[in-house]
1. Can you find, among 192, 467, 129, the residue farthest towards the positive end of the dipole of the chain? Put +1 on the C-beta of Lys and Arg, -1 on that of Asp and Glu.
2. For the stretch 362-457, just say rounded, prolate or oblate: build the C-alpha gyration tensor, square-root its eigenvalues into a ≥ b ≥ c, call rounded for a/c under 1.5, and beyond that prolate if a/b exceeds b/c, oblate if not.
3. Where the only charges are on Cβ atoms (+1 Lys, Arg; -1 Asp, Glu), what is the dipole of the chain about its Cα centre, to the nearest 20 debye?
4. Between the stretch 132-182 and the stretch 648-698, what is the separation of their alpha carbon centroids in Å?
5. Suppose all protein chains stay in the model; what accessible area per residue would a 1.4 Å probe give for the stretch 211-288, in Å²?
6. Whole percent per 20 Å bin, from 0 to the bin with the longest distance: what is P(r) over all C-alpha pairs of the chain?
7. Which Cα, out of 49, 414, 223, lies furthest along the positive dipole direction of the chain (beta carbon charges, K/R +1, D/E -1)?
8. Not counting ligands, DNA or RNA, and with a 1.4 Å probe, what is residue 550's accessible surface area in Å² rounded to the nearest 10?
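The values are calculated or read from the model by the stated rules, or taken from the named source; none is laboratory data. The model shown is predicted, which means the values in this text are computed figures rather than measured ones. Neighbour counts are summed over all protein chains in view; Cβ atoms, including those assigned to glycine, are modelled from backbone coordinates with ideal geometry. For the accessible areas, the whole protein counts, side chains as well, though only heavy atoms, and no ligand, DNA or RNA atoms are used. Shrake-Rupley method; radii C 1.70, N 1.55, O 1.52, S 1.80 Å.
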Amino acid sequence: MNSAPFPLWNDHHATTLDEPQLLRYRSNLLGSDLRITNYGGGNTSAKVSMMDPLSGSMTEVLWVKGSGGDVGSMKLDGFATLYMDKLQTLKNLYRGLEYEDEMVGYLPHCTFNLNARAASIDTPLHSSLPFAHVDHMHPDAVIAIAAMADSEAITQQVFEGKVGWLPWLRPGYELGNRLGDYVSKNPGLDGIVLAGHGLFSWGETSKSCYDNTVNLISQAQSWLAQQRQERKLQVFGGTRFEPLSQTESGETLARLLPVIRGLTHQGRSKLLHVNTSREVLDFVNSNDLEPLAALGTSCPDHFLRTKIRPLVVQESVYRLQGAELKDALEKLLANYRSEYAAYYERCKRPTSPALRDPNPVVVLLPRIGMVTIALDKATARIAGEFYVNAINVMREANAVNRYVGLPEQECFDIEYWLLEEAKLQRMPKPKPLVGKVALVTGGAGGIGQAIARRMLADGACVVLADIDQSALDSSSAAMSKRYGKDHVRGVFCDVTSEDSVQTAFAKAAQEFGGVDILVSNAGIASAAPLEETTLELWQRNQNILATGFFLVGREAFRLMKVQATGGSIIVVASKNGMVASNQATAYCAAKAAEIQLSRSFALEGAPLGIRSNVVNPDAVIRGSKIWTGKWSEERAAASNVNEEELEAFYRDRSMLKRSVFPEDIAEAAYFFAAEQLSAKCTGNIVNVDAGNLAAFTR
């Protein structure tokens, strides 16, 4: 387990903060380290004396992490604020464990100062404790102790009687009452371990609370490390498999993930995330993989994100090819779905929400690592982080004692909790392209960047493919900063090289699971009188604009066919593909080839739900890289105008007398990418040229 120091409290900075700001500071510090708590897990609170806006007198207010927040990144508006005196009067309304959930409905009546942040189910746990500052964290080390068969006795041993222990109980009002009673009967404790759940700790100041929390976690880590050293135990029962080489693992994933992605689609696009960390490889390559994986996770936060247990795919399956691979995976997935449905039927209550997606979230691959599946990339990545937490817990618990998961019914009651369902129903409607992956060639150019930004703005993940590594790095970094690191990848791609194109699509498959949208946009522009058009110039245009578009389109087609979920190919050609320009023979012929390629893609793709359409720009001068070289000079000469007059020349010759910008091309590409707009469009051409009679498609 990582023994690096925990984040350090900055006393100088803390002196500049008031009590709510100190709570936020403490929360962010705790949440910045996954050894302390997982993403979105845990909660913090402070009881603060504040002026009542109605009476003008001072009153005690509970500041507590609101529903659905993340302590590592939350701001002050992420905290719910509630009157403590009103929270205490709720005891008079509590009718017992059977009526637990109705207590949540009373929390809004306790809101202080009209705060719109919804209070979480853990609010009663914080209000019931008599301490000014309270942390509830999910550290792997403590959950390992909480998930041991002899958890209570080991808790006493580890913390030498300074930390109490309570058996598993679902978070809520009853657990809050039991916490309060336990503390009143056992004064002088530094914290309480909740079996199968986590750690409660406290302090009279924000700093003392933080110090107490990290000290208890450090104590648990040290004790576990000492036990491992003294017992000299093998991790997970010893190693059964050696990991594949990075090259072989990558090739296998590129072939395997699109199949898994397609088979788990079932009407909703999903994204995949790969984790090959040391913790994961130790687990998937161990003798104890299958028995431990079958036990499921322990902490509620874990299986809310990961389902109760993963799917293990053995090497004998993922070594298969083509139809055999697909058939074998489909059988495994069908069996998993059947078992999950049976679990639902065994455990469901009369009021339980309907059965959710029965496909696995976590797929474990011996010799390779872990794949996690979700409706968006960030959720897939975070699910993987949660399962790493579960792996850490299983490793430590089984090494010292015996790991135990929560009882199946308890797992179900958390997973299908009506309060969790209500939280899911409150989530905003996803953007139209969430779950989709777009690969944009020429992605670092002006038009390519505009297209990528348009896709990202509506939720897509984007692979920027470009031959200009410097521009690629710059544009990838900028878009990652704006749209989030989960959504953007950059990959070097020379569209004239078959190997380079195949590598780019393999990278997309490894990073996201596949590709749904291809925007074939990489290009050049050249001009020369016919008798001065060299064979080299002709071949360069053909290589990039015809052969390049063929190679990229073919690889997209192959990948989309494997996924079997349809797809959209968008060819960014040119007005010159419809009507020739003077002194641009090589360019015009290659652009015409692109249009014919798109028609061919449409013909063969239709039975597979793969659509192919063309966007024809014209005279996109501002922001387009092709106008920064000789093309601008050549087109000016061919049109008998000065270079600085080109934009006005093209604008004035158009029927609409308007300039065309990269963002205009992006809107047309988006139209063909978005199924809700163009699901019934294939083989089409849209000219974005402000009107050119000669280029009319009919």
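1. 467
2. Cα axes put the stretch 362-457 in the oblate bin.
3. The dipole magnitude comes to about 1080 debye.
4. 63
5. 48
6. 16, 41, 29, 13, 1
7. The one lying farthest along the dipole's positive direction is 414.
8. 80
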